[in-house]
Amino acid sequence: MELAYYSDYAVRLVNSEDPARGKDSLTSVEAVRDLFGGSQEAARRATDGDVTRFRSVRARLRAVFEAADQGDEALAVNLLNALLLEFPVSPQISGHDFRDDDGRPLWHMHLADHPSNATAGYAAIAAMGLAFHLTEYGVDRLGLCEASPCRNAYLDTSTNRSRRYCSDRCATRANVAAYRARKRLEADRSAKTGRTADSAQRATANGER
């Protein structure tokens, strides 16, 4: 499994909350287990106590994205380093489940965590994955959606570093809002121009009397 895959763990956890709308889907142990995706063995370790612990890690991961979004690279790195120190992992070479045409293992890097609880395990791989993405592609590749009020996290993998929204839905919504704003501005300018012209005509008419 490529290390870049693990960065999605951080995005999934951060986006389990929508602060602007006061929504939080991380309210039960089942919600915690859903975050693990296909890693069912790790998910089974989750208990009710992990709900609160996951929320704490989520706030710290969001702070990393916020710092990156604001262009504060040093802060983003420091916050992420703190998570890496608190939740360490052991990189290991793995070849399970993947074979080439000759039946030989396709070796790849795998992150082995040694957690005391489900939160520690999830935080370890999320932080390591995010660290890999940051060092490989740059801090500016960590972003928060610009489609107000959405502030979902995303990882920019575009070739020209142009991503600004977390999804196509938000991009469309933002574009529609911008189009409507331009139309309102044009209408206001047209109305103002019309009022100015009317005033000029009235002034001219009064002067000719």
> So for region 10-78, taking the charge dipole from beta-carbon charges (+1 Lys/Arg, -1 Asp/Glu), which of GLY37, VAL14, ALA67 sits furthest toward the positive end?
Replying inline: GLY37
> Among SER162, VAL89, THR52, whose Cα sits farthest toward the positive end of the charge dipole of region 3-166 (+1 at Cβ of Lys/Arg, -1 at Cβ of Asp/Glu, about the Cα centre)?
Replying inline: THR52
> To the nearest 20 debye, what charge dipole does region 3-166 have about its Cα centre, counting +1 at the Cβ of each Lys and Arg and -1 at the Cβ of each Asp and Glu?
Replying inline: 320 debye
> Bin by bin, in steps of 10 Å, what percent of the Cα pairs in region 1-126 do you find, going until the bin that has the longest distance?
Replying inline: 12, 40, 32, 13, 3, 0
>> I need the peptides 8-20, 70-82 ranked by packing, meaning the mean over residues of other C-beta atoms within 10 angstrom, with the highest value on top.
In response: 8-20, 70-82
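Report the full-extension gain for the segment TRP107 to LEU84: residue separation times 0.36 nm, less the Cα-Cα distance, to one decimal in nm. Walk me through the numbers before you get to the answer.
Details: separation 23, 0.36 × 23 = 8.28 nm, distance 2.45 nm.
Taking 0.36 nm per residue and subtracting the Cα distance, the gain is 5.8 nm.
Which length gain, in nm to one decimal place, applies between ALA171 and GLU30 when the Cα-Cα distance is subtracted from 0.36 nm times their residue separation?
Details: separation 141, 0.36 × 141 = 50.76 nm, distance 3.06 nm.
Result for the pair: 47.7 nm of gain on full extension.
FYI, it's all coordinate maths here, none of it is from the lab. The model shown is predicted, which means the values in this text are computed figures rather than measured ones. Methodologically, a virtual Cβ is constructed for each residue, glycine included, from the backbone with ideal geometry; neighbour enumeration extends over all protein chains shown.
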